[in-house]
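A.B. asks: Below is the structure I would like to discuss, written out as structure tokens.
The values are calculated or read from the model by the stated rules, or taken from the named source; none is laboratory data. Just so it is clear, the model here is predicted, and its values are computed rather than measured. Don't worry about glycine lacking a Cβ; one is built from the backbone with ideal geometry, like all the others, and counts go over all protein chains shown.
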Amino acid sequence: MAVTIGQRSETENSREVLARARARAALIPDLLIDAHTIANTVTAGWHGRRKRGSGDTFWQFRPYDTGESMARIDWRRSARDDTGIFVRDQEWESAHTVWVWADSSSSMLYKSELGHVSKQSRALVLALAAGDVLARSGERVGWPGVTRAVASRNGAERIAAQLMAAKEMPEFPPLQDVRNRSELLLVSDFLAPMDETLERLSTIARRGVRGTLLQIIDPAEERFPFTGRTRFEDPSSGAKLTFGRAETLRDDYTRIFAARKQALSDHCRRLGWHHVVHHTDELASTALVAVHTRLTLPSFVGAAA
């Protein structure tokens, strides 16, 4: 086994950050169009974040549940049907604050032959699409460290414009504007050191924030299809490892990768958060549906870990 180690200088790192910022800015216009397309596809037939609540707008009739207040029964509707008693639900109309964030670290640039797009492209598209769907629903949407959370129908455009102007993105979202009882959607590969990642998530949860993690994975990262002499390079440090027979690592690698993914999922469950996994060879709309479903769950679960 041959091993070579490389280390980038501070100047090289600065140049790389600037190059990534320029590349990201160039991607944003096309990604915003894709995000609108995905959002339009997913929201066809939806009416915002509809669920019963304290609003004034009628939503639906539904069967009466034992223990509910009888004042909620719609006797006129119930009299028209012999199948049971019905209550009248109003639509939930209170706007929430939802923060969306996509990882822009160097590991997100990876794209194998098995993936349709890079992890960065998919993460940005899904973050913008989620912002679009939420903004249409009347939610206050923002990007930590980039835009304030405001209720605006063109929320995705506002975020995209600011992302294009941003020269350097933090490796993790700043929390000064993320308030108690707001929601946070984190889109990343979550390949940073696990202990560091879990502690960061716990810190956010202790602020009373409800989180949803959307983990973006290139199929090759999970399946490890490499064979023969293969050189692996750490995109952050530049360190390189060369293996003569990469296939001998497959079993151990896939076991460790699965364990990391499970640890992240288990930690989210302890926090009362949600964990969604998406692979870059899948349709982006499937991930947006899964994320939207979790963001619209009516209960808020606060936890400290």
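A.B. asks: Could you identify the single residue in Trp99, Trp75 that is closer than 30 Å to Gly131 by Cβ, among the hydrophobic types (A, V, I, L, M, F, W, C) and at pLDDT 75 or above?
C.D. replies: Exactly one of Trp99, Trp75 is closer than 30 Å to Gly131 by Cβ, among the hydrophobic types (A, V, I, L, M, F, W, C) and at pLDDT 75 or above, namely Trp99.
A.B. asks: Still on this structure: Quick one: Arg153 ticks every box in (1) crowded, with 16+ Cβ neighbours inside 10 Å; (2) within 22 Å of Arg294 (Cα to Cα); (3) free of Cβ contacts under 8 Å to residues at least 60 places away in the same chain bar one, so which box is it?
C.D. replies: Against the list (1) crowded, with 16+ Cβ neighbours inside 10 Å; (2) within 22 Å of Arg294 (Cα to Cα); (3) free of Cβ contacts under 8 Å to residues at least 60 places away in the same chain, Arg153 comes up short only on (1).
A.B. asks: One residue is enough: does the stretch 224-241 have a residue meeting the conditions exposed (fewer than 14 other Cβ atoms within 10 Å of the Cβ), among the basic types (Lys, Arg) and part of a strand (DSSP E or B)?
C.D. replies: yes
A.B. asks: Kindly indicate which of Phe300, Phe224, Phe232, Phe257 is modelled with pLDDT under 95 and within 27 Å of Ser112 (Cα to Cα).
C.D. replies: On the way: Phe300 fails: within 27 Å of Ser112 (Cα to Cα); Phe224 fails: modelled with pLDDT under 95; Phe257 fails: modelled with pLDDT under 95.
Within the list Phe300, Phe224, Phe232, Phe257, the selection yields Phe232.
A.B. asks: Sort through Asp189, Asp177, Asp218 and tell me the only one that's out of contact with any His (no Cβ under 8 Å at 6 or more places or on another chain) and modelled with pLDDT of 95 or more.
C.D. replies: Result of the check over Asp189, Asp177, Asp218: Asp189.
A.B. asks: Consider only pairs whose beta carbons are under 9 Å apart and that are at least six residues apart or on different chains; among these, list those whose first residue lies in the stretch 277-290 and is within 14 Å of Glu221 (Cα to Cα) and whose second residue is of a type in the set (S, T, N, Q) and surrounded by 15 or more Cβ atoms within 10 Å (Cβ to Cβ).
C.D. replies: Listed by first residue and then by second, the contacts come to Val277/Gln215; Val277/Ser265; His278/Gln215; Thr280/Ser112; Thr280/Ser118; Thr280/Ser121.
A.B. asks: Among the numbered criteria (1) within 16 Å of Thr212 (Cβ to Cβ); (2) surrounded by fewer than 24 Cβ atoms within 10 Å (Cβ to Cβ); (3) without any contact (Cβ under 8 Å) to a residue 60 or more places away in the chain, which one does Val141 miss?
C.D. replies: With (1) within 16 Å of Thr212 (Cβ to Cβ); (2) surrounded by fewer than 24 Cβ atoms within 10 Å (Cβ to Cβ); (3) without any contact (Cβ under 8 Å) to a residue 60 or more places away in the chain applied to Val141, the lone miss is (2).
A.B. asks: Here is a list: Ser182, Ser237. Which entry is more than 13 Å from Trp101 (Cα to Cα), among the hydroxyl-bearing types (Ser, Thr, Tyr), out of contact with any strand residue (DSSP E or B) (no Cβ under 7 Å at 6 or more places or on another chain) and in contact (Cβ under 8 Å) with a residue 12 or more places away in the chain? Can you show your working first?
C.D. replies: On the way: Ser182 fails: out of contact with any strand residue (DSSP E or B) (no Cβ under 7 Å at 6 or more places or on another chain).
Testing whether each residue is more than 13 Å from Trp101 (Cα to Cα), among the hydroxyl-bearing types (Ser, Thr, Tyr), out of contact with any strand residue (DSSP E or B) (no Cβ under 7 Å at 6 or more places or on another chain) and in contact (Cβ under 8 Å) with a residue 12 or more places away in the chain leaves just Ser237.
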